[in-house]
Amino acid sequence: MAPRTTRRGVAVGAATTAALGVLSLLGSGVAGAAPATVAWDDYYSHFTRTVTNSTPNPGEIITITTKFERTNSTEEHLYNIKDRHAACLKYVPGSAKMNNTPLDPQVDDGSVPGRDPLVSVDFAPNDWIVRNQPGSSPVFSVSYKVGDDCSRGNTLTTGMDYNGSLGSGGYYTKGPGIVVSYLGSGGDGSSGSVGSLFGS
């Protein structure tokens, strides 16, 4: 089968975005979490990315998950996943997991010129297999602390790319987007916290 990189164009299918309870910023911040999801198909692969809060305050922790699914009978073995994010989002140590199994990622904070901020994980060929059957849709999750240096009111892009037995796919800006509110870390110095979709 031809590698995915040779048979995929820039347009990789329609993406749908659903923001749950997104509140208007109106220059005054938001109250409560606003999860957001983006999903898309690329041939017989289906991807779903979710952020636990798409309108966080500085100092809060957000979790981004990527679910891998197959829509035909051909299975795919995952070799590598890279979660891409804005440099002002700081990786929370120990938060990278696959189906709640802790991972040991390589973390690039974007401080080196020419290198994008990302969290990268490599897998052995049979560690994680995506199949079109119940219980065979791995979910990669990673948490970030929203930095005080994040631009307020502007959309921060997120995305991912990966390599697998069927080739590679690059979805560097697929989302979901994150808009940091104008609120600070809180008058008492405390910050909110949003846990993993799988719990902590």
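The values are calculated or read from the model by the stated rules, or taken from the named source; none is laboratory data. The shown structure was predicted, so the numbers you read here are calculated from the model rather than taken from an experiment. Backbone-built Cβ (ideal geometry, glycine too); neighbour counts: all protein chains shown. For accessibility, only protein heavy atoms count, side chains too; no ligands or nucleic acids. Shrake-Rupley method; radii C 1.70, N 1.55, O 1.52, S 1.80 Å.
Scanning region 154-185 for residues that are aliphatic (A, V, I, L, M) and within 27 Å of T55 (Cβ to Cβ) turns up L156, M160, I178, V179, V180, L183. Could you please find all residues in region 130-173 being over 25 Å from P93 (Cα atoms), open to solvent by 10 Å² or more (accessible area, probe 1.4 Å), in contact (Cβ under 8 Å) with a residue 24 or more places away in the chain and not small (G, A, S)? If the condition is that a residue be over 25 Å from P93 (Cα atoms), open to solvent by 10 Å² or more (accessible area, probe 1.4 Å), in contact (Cβ under 8 Å) with a residue 24 or more places away in the chain and not small (G, A, S), then R131, N132, N154, L166 are the ones that fit. When the criteria are applied in full, G169 fails the requirement of being small (G, A, S) and assigned to a loop (DSSP other than H, G, I, E, B). Taken over region 120-133, the criterion of being small (G, A, S) and assigned to a loop (DSSP other than H, G, I, E, B) is satisfied by A124 alone.
Taking the listed residues V107, V112, the one that is hydrophobic (A, V, I, L, M, F, W, C), over 17 Å from V139 (Cβ atoms), at pLDDT 95 or above and over 13 Å from the mean Cα position of the chain (by Cα) is V107, with no other qualifying. Note on region 143-177: residues that are at positive phi and of a type in the set (D, E) total 0. In region 1-94, counting only strands (runs of 3 or more DSSP E) that sit wholly within it, the ones holding 1 or more residues that are modelled with pLDDT under 95 and under 15 Å from the mean Cα position of the chain (by Cα) span 15-19. Filtering region 95-119 to residues that are in a strand (DSSP E or B) and closer than 24 Å to S151 by Cα leaves V107, D108, L118, V119.
Look through region 79-129, keep the residues that are within 13 Å of N163 (Cα to Cα) and among the acidic types (D, E), and return whichever of them is surrounded by the fewest Cβ atoms within 10 Å (Cβ to Cβ).
D122
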